[in-house]
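Inspection log for the structure reproduced underneath, given as structure tokens.
The values are calculated or read from the model by the stated rules, or taken from the named source; none is laboratory data. Note that the structure is a prediction, hence the values are computed from the model and not measured. Neighbour counts are summed over all protein chains in view; Cβ atoms, including those assigned to glycine, are modelled from backbone coordinates with ideal geometry.
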Amino acid sequence: MKIIERQTYKIVVEDFNNPIIYNGSQLSSQFTANNYDIIGNSILIFRGGMKLSPDEMIDIKDILRESHLNEILISSDDSIHFIIEEFDTQPPNLEIEYYRLRILIQIVIENLKEEGLETKRIGTDIYIEGKKLNVGIATIGASSGKIHFGINVGNTGFPSHVDALGLLEIGMQENQIKDWIVKIAEQYIEEIHKVKEDIVKTRSI
């Protein structure tokens with residue numbers, strides 16, 4: 001495990017050789033504090049599969065639209081997960097958290113473009129050649145906003161009704177992945193910090 005401090009955030013990078021399954025519990029309030037002794041804004045990054053039934057999901061639209069298709073609606077054998085928890089907006093604001101999720105997604109898209117890849121964004125989903133690359137959701141608790149963003153690495157374990165792909169399939173090398181992911185987290189923090197700089201430099205009208 002590695003901890004990186006950037007601005008008002010701490011990035012916790014788990015060992016990618018020790019897979020951790022994303023099951024929705026990581027979206028609970030104060031997860032990084034309770035499991036890593038990290039207080040305040042944080043981005044937890046880990047690698048592993050994911051498997052969520054409708055009971056474990058928080059996207060009501062997906063549950064209503066897809067629950068008849070499969071017992072497991074979100075799954076993969078190998079993904080990278082961002083768990084972002086932020087305390088700087090009080091009370092927590094779900095709309096702001098969804099804006100921030102889209103900032104993260106745009107950063108990922110820009111980095112994919114640098115790799116020569118064309119993407120299409122639909123909502124909070126990124127598609128390459130019609131195949132889905134990620135999952136993303138935002139939520140809030142009593143004192144914090146939270147984001148889960150999962151980006152596929154492999155190309156197996158997806159629900160039968162989902163046409164998806166992973167980073168390895170689109171040409172990324174295994175030894176590139178961790179540095180690429182950490183760079184995205186750092187760029188996200190920098191964007192949030194720049195917004196706050198813009199706020200304090202702007203005169204009211």
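Values computed for the structure shown
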| item | result |
| --- | --- |
| Close pairs (6 angstrom Cβ cut-off, 6 or more residues apart or separate chains): in contact (Cβ under 8 Å) with a residue 60 or more places away in the chain in the range 95-124, not in a helix (DSSP H, G or I) anywhere | Leu104/Phe149 |
| Complete set of residues in the range 184-205 that are touching a helix residue (DSSP H, G or I) at 6+ places or on another chain (Cβ under 7 Å) and either of a type outside the set (Val, Ile, Thr) or in a loop (DSSP other than H, G, I, E, B) (or both) | Gln187, Tyr188, Glu191 |
| Residue under evaluation Gly136, criteria (1) in a strand (DSSP E or B); (2) over 19 Å from Asp78 (Cα atoms), criterion not met | (2) |
| Identity of the residue in the range 100-124, under 23 Å from Ile189 (Cβ atoms) and of a type in the set (Asp, Glu), that ends up modelled with the highest pLDDT | Glu110 |
| Hits in the range 157-180 - residues which are part of a helix (DSSP H, G or I) and either among the β-branched types (Val, Ile, Thr) or in contact (Cβ under 8 Å) with a residue 40 or more places away in the chain (or both) | Ile177, Lys178, Trp180 |
| Residue match in the range 22-39 (condition: within 22 Å of Ile177 (Cα to Cα), modelled with pLDDT of 95 or more and among the β-branched types (Val, Ile, Thr)) | no |
| Which numbered condition Lys131 misses (of (1) under 24 Å from Gly49 (Cβ atoms); (2) loosely packed, with under 15 Cβ neighbours inside 10 Å) | (2) |
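Yes/no per residue for (1) under 15 Å from the mean Cα position of the chain (by Cα); (2) within 27 Å of Ser29 (Cα to Cα):
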site: Gly116; (1), (2): no, no
site: Thr119; (1), (2): no, no
site: Gly141; (1), (2): no, yes
site: Gly145; (1), (2): yes, yes
site: His148; (1), (2): yes, yes
